[in-house]
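The values are calculated or read from the model by the stated rules, or taken from the named source; none is laboratory data. Bear in mind the structure is a predicted one, so any value in this text is a computation, not a measurement. Here the Cβ is made from the backbone with ideal geometry for all residues, glycine too, and neighbour counts use every protein chain on show.
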Amino acid sequence: MFKTLANAWKIADLRKKLLFTILIILLYRLGSAIPVPFTMPLDLGMRGTTLDLLNTLSGGAFEQATLFALGVSPYITASIVIQLLTVAIPALERLAKQGEEGKKKITVITRYITIGIAVVSAIGYYFMLKYGNGTGTSSIGAFVETESASWNTFFNVFQAVVIIACFCAGSAVVMWLAERINEHGIGNGISIILFANIVSRAYPILMNFIKMFKAETVGGSALHGVGHDVTSTGTLQLLPDPTLQGNAFPWGSTIFTVLVLVGLLAMMWFIIFISDSERRIPVQYAKRVVGRKMYGGQNSNIPLKLNMAGVMPIIFANAILTIPSMVANFIPYVESDGVTVRRVWYHVVNLFSSSSWFYCILMFVFILAFAYFYVAISFNPTEVAGNLQKQGGAIPGIRPGKATSTFIQKVLSKITFIGALALSVISVIPLIISAIINVVRRADGVADAIAVPLWSFAHVAELATVGSSVIIVVGVVLEVVRDMEAQMTMRHYKGFLG
């Protein structure tokens, strides 16, 4: 990878693309730090929900209520919608087949859908900020009310319009930045921005691990005020217990950290192995005589990647699963027994938390479904079989034409299932571990050396979704390296005149 990067840096055109991509990432990170007027950082309250996943995918901007708080989620959702509609609506399908002009029109439609989704998401996010996400503390800046009721109403409406408009504008800018990477940079714009956001969460995770070690050696009082957790009854409780006693050596935290590191390395190796694996279908070309020369008679193959869809199924599945939590924020909070709790939708949000078994099952199914869907719209076996027949090629033992198309489709379905199953397992295993820990850590009589690491895993929400994060990070790196290698090969190829 580093050799490829060094070689790409020597080529002026690729160097410009790399610098441009880095510039866009820096601009995005700058926008993620720009605060929105009248807002304050949001306390996510319930750890392990899909809101934590949104926070990870936005690089922490969601929790800080900054300009790019919504991140690329509206753009991803719009892309999913337009791809589904392209298959279902004949007019859009015709546009997709019109080449560059049709692609431009579909891009314009995608932009409009992105803005629409951003408006809905921004309104939901505004209500979440206003009602404090169940913590009882609003993240909307208060103002001094006057005796004029009309003025107070006007200012409340003005405040809401400004906040929602800023979040929508931020989504539009993020969409524009992603498209600029597609046109003038390296790799896919959405993937690059998600990669930068996930990597930016490394420092907060490291700080939480340091707090975990400190809690086990000093005691639970070292973490007093760090964060809240939600009990099974919906009440807020400070965890871990401040009365926990410290140990001479943090055995529990050390073993926990080693297990996490070993798990990460194993995941990275397995993802790279799956990404590089492929099924090669042998192809034999018939001999042809053109003039006085004989052509063909060569053996080749059709390489079918095991993970042809790449990281897109993970991105799509995560984007869809965050929608229920965002929609639920339209419903206000109520007071019950002096504690701010949710109404019926509290259970809906809890159902879609990353520590829920229902969420694990949905994630598994959605990744499988989106893998098949993405492969279906990006690879056409009938077209491949037709091109083979025109070029005089055939798969040994398979008739040209429809039989070849059916054979390729059958092989493609099998390898897509294996690749999608691998992605699903990698994504779901940390979620299953998180669900088990979520039950064990609330049990009575848990030893301090075990209680603190268990709390840390639950509190560091990024660890619950580490499977999806690692797949995206490794997948984007491999995608960028392949893109650079392909462009270098194209530039170094001299052709038959060289």
(request) Would you confirm whether any residue within region 418-434 is surrounded by fewer than 20 Cβ atoms within 10 Å (Cβ to Cβ), in contact (Cβ under 8 Å) with a residue 60 or more places away in the chain, touching a Cys at 6+ places or on another chain (Cβ under 8 Å) and farther than 23 Å from Asp276 by Cβ? (result) yes
(request) Among the residues of region 9-30, write down those that are more than 18 Å from Asp483 (Cα to Cα) and among the aromatic types (Phe, Trp, Tyr). (result) Tyr28
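When only residues in region 257-285 that are among the polar types (S, T, N, Q) and modelled with pLDDT under 85 count, which is farthest from Lys410 (Cα to Cα)?
Filtering region 257-285 for residues among the polar types (S, T, N, Q) gives 257, 275, 277, 284.
Now narrow it down to the ones that are modelled with pLDDT under 85: 257, 275, 284.
On the way: Thr257: 43, Ser275: 20, Gln284: 19 Å.
Going through the qualifying residues, I end up with Thr257.
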(message) Going by what's in this entry, would Ala451 be described as modelled with pLDDT of 70 or more and at negative phi?
(response) no
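Could you look through region 377-397, keep only residues that are free of Cβ contacts under 8 Å to residues at least 24 places away in the same chain and either in contact with a His (Cβ under 6 Å, 6 or more places away or on another chain) or surrounded by fewer than 18 Cβ atoms within 10 Å (Cβ to Cβ) (or both), and pick out the one that is nearest to Ile315 (Cα to Cα)?
So in region 377-397, the residues free of Cβ contacts under 8 Å to residues at least 24 places away in the same chain come out as 380, 382-383, 385-387, 389-390, 397.
Checking the rest, the ones that are also either in contact with a His (Cβ under 6 Å, 6 or more places away or on another chain) or surrounded by fewer than 18 Cβ atoms within 10 Å (Cβ to Cβ) (or both) come to 380, 382-383, 386-387, 389-390, 397.
Numbers: Asn380: 23, Thr382: 28, Glu383: 28, Gly386: 32, Asn387: 32, Gln389: 36, Lys390: 37, Gly397: 39 Å.
Once the filter is applied, the top-ranked residue is Asn380.
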(message) Being polar (S, T, N, Q) and out of contact with any helix residue (DSSP H, G or I) (no Cβ under 9 Å at 6 or more places or on another chain) is the filter here; which residues of region 381-402 pass it?
(response) Asn387, Gln391
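Have a look at Leu362, Leu304, Leu321, Leu368 and point out the one that is more than 21 Å from the chain's Cα centre (by Cα) and either under 22 Å from Ile190 (Cα atoms) or modelled with pLDDT of 80 or more (or both).
Details: Leu362 fails: more than 21 Å from the chain's Cα centre (by Cα); Leu321 fails: more than 21 Å from the chain's Cα centre (by Cα); Leu368 fails: more than 21 Å from the chain's Cα centre (by Cα).
On inspection, the qualifying residue turns out to be Leu304.
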(message) Just checking: which of the helices (runs of 4 or more DSSP H) contained wholly in region 1-65 hold 3 or more residues that are modelled with pLDDT of 85 or more and in contact with a helix residue (DSSP H, G or I) (Cβ under 8 Å, 6 or more places away or on another chain)?
(response) 12-31
(request) May I ask you to verify whether Asn197 is modelled with pLDDT of 75 or more, buried (at least 16 other Cβ atoms within 10 Å of the Cβ) and either under 30 Å from Val120 (Cβ atoms) or not aliphatic (A, V, I, L, M) (or both)? (result) yes
(request) Filter region 263-288 for residues that are basic (Lys, Arg) and touching a helix residue (DSSP H, G or I) at 6+ places or on another chain (Cβ under 8 Å) and give the result. (result) Arg279
(message) Go through region 164-194 and report how many residues are surrounded by fewer than 18 Cβ atoms within 10 Å (Cβ to Cβ) and at pLDDT below 85.
(response) 0
(request) Looking only at region 85-116, count how many residues are surrounded by 13 or more Cβ atoms within 10 Å (Cβ to Cβ), under 30 Å from Ile164 (Cα atoms) and hydrophobic (A, V, I, L, M, F, W, C). (result) 5
